[in-house]
Amino acid sequence: MKFKRFFAQTFYSSLIGLGLMALTPRTSLAQREVLYEQYIQNPMAINPAFTGIREDFNMTVLLRRRWFTIQNSPVTQTFAMDGAIANGKIGLGLQALNDRLSPYYTTGVYGSGAYHWNASVSWRVSLGLQGGINVLPLYDFASGISTNGVLGSFGAGVYVRYAEQFYVGISKPELLSQNFGSGRQSLFEYRQPLFVTAGATFDSGEKMQITPSVLIVQEKGIPLRVDVGARAWYDEKLGLGTFYRMGSVNYVQLSGEAQLGRNARLGYIFNSRAIESSIVGINNNPLTIHEIMLKFIPSPTKFHLN
């Protein structure tokens, strides 16, 4: 009961605080492509049905930057938290993005909920919904003035898991198409990608776990994207990952994570190119992106790969 009260209080207080943050006027150029790219460390970014899957209350912070040697250089901050109530049947989650690094310059906050149904001893089906706001610059052709616009966001997803050894998911985190008003236009499209994911977990020896996965992204007018790769955990203490992402931007992602005691995890993620390089062009050096991840679980009941 104490944990449920703690989770509920944290969830609602964070929702209010982050909602106010997102409503503060900021320059913004698109939706949450940057958030989508962090789906390995935060699966809830692309599929709201993942909300509360782990049951333990999780908080994840990701800091994304291009330069380490330049002081006060722009940093993109991502925050995600989720947990479960009602004996694990209901998941509640919250995400916030403040992108100051890429030309997208997105600000947004999104709440999610999921229902988890044990179809059998081994099969579990999760249905999730997500809603929130995106802050976008809207250009008024009549006045020639660009102003921020707060636009709604709504998405849904399905996640099916077999005995914690195999999973498949399908999701569309953005279902809404927006009318920006007469004479107004967003500087970038309001995108609506479809995500299909699948993965498995294999034990290789007594202490090694390997989790290969694949992601397929379909979106109108954009080449089909396919991500393939795997992560490996040794003794539930050290994790390494390699992924190759093929689409409008082809790049390699390498990651390393270390479990710091039972409650905390520290990670580093290297991207050979930034997803937004398709917009800024090849001359915007450096093209690489570095990310630092911190995950905190107040009262873990078991080890989680994600």
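Of the residues that make up the stretch 135-149, is at least one buried (at least 20 other Cβ atoms within 10 Å of the Cβ), touching a strand residue (DSSP E or B) at 6+ places or on another chain (Cβ under 6 Å) and at pLDDT 85 or above?
There is no residue in the stretch 135-149 that is buried (at least 20 other Cβ atoms within 10 Å of the Cβ), touching a strand residue (DSSP E or B) at 6+ places or on another chain (Cβ under 6 Å) and at pLDDT 85 or above.
Let me confirm something: among Ile279, Ile275, Ile289, Ile269, which residue is surrounded by 13 or more Cβ atoms within 10 Å (Cβ to Cβ), touching an Asp or Glu at 6+ places or on another chain (Cβ under 7 Å) and at pLDDT below 95?
Every option except Ile275 fails the conditions.
Just to verify a result, which residue in the stretch 212-230, among those that are surrounded by fewer than 16 Cβ atoms within 10 Å (Cβ to Cβ) and of a type outside the set (A, V, I, L, M, F, W, C), is farthest from Tyr167 (Cα to Cα)?
Once the filter is applied, the top-ranked residue is Gly221.
Identify the single condition in (1) surrounded by fewer than 24 Cβ atoms within 10 Å (Cβ to Cβ); (2) modelled with pLDDT of 95 or more that Gly83 does not satisfy, given that it satisfies every other one.
Only one criterion in (1) surrounded by fewer than 24 Cβ atoms within 10 Å (Cβ to Cβ); (2) modelled with pLDDT of 95 or more is unmet by Gly83, namely (1).
Could you list, ordered by first residue, the pairs with Cβ atoms under 9 Å in which the first is in the stretch 212-230 and closer than 11 Å to Val196 by Cβ and the second is at pLDDT below 95 and surrounded by fewer than 13 Cβ atoms within 10 Å (Cβ to Cβ), at least 6 apart or interchain?
Listed pairs, sorted by first residue: Ile216/Leu224; Val217/Leu224; Gln218/Leu224.
Given Gln253, Gln209, which one is farther than 17 Å from Glu37 by Cβ, touching a residue at least 60 places away in the same chain (Cβ under 8 Å) and buried (at least 16 other Cβ atoms within 10 Å of the Cβ)?
Gln209
When you go through Val228, Val196 one by one, which is the residue that is closer than 22 Å to Ser112 by Cα, of a type outside the set (Asp, Glu) and either at pLDDT 95 or above or assigned to a strand (DSSP E or B) (or both)?
The conditions single out Val196.
The values are calculated or read from the model by the stated rules, or taken from the named source; none is laboratory data. Being a predicted model, the structure only gives us computed values, none of them experimental. Cβ atoms come from the backbone with ideal geometry, glycine included; neighbour counts cover every protein chain shown.
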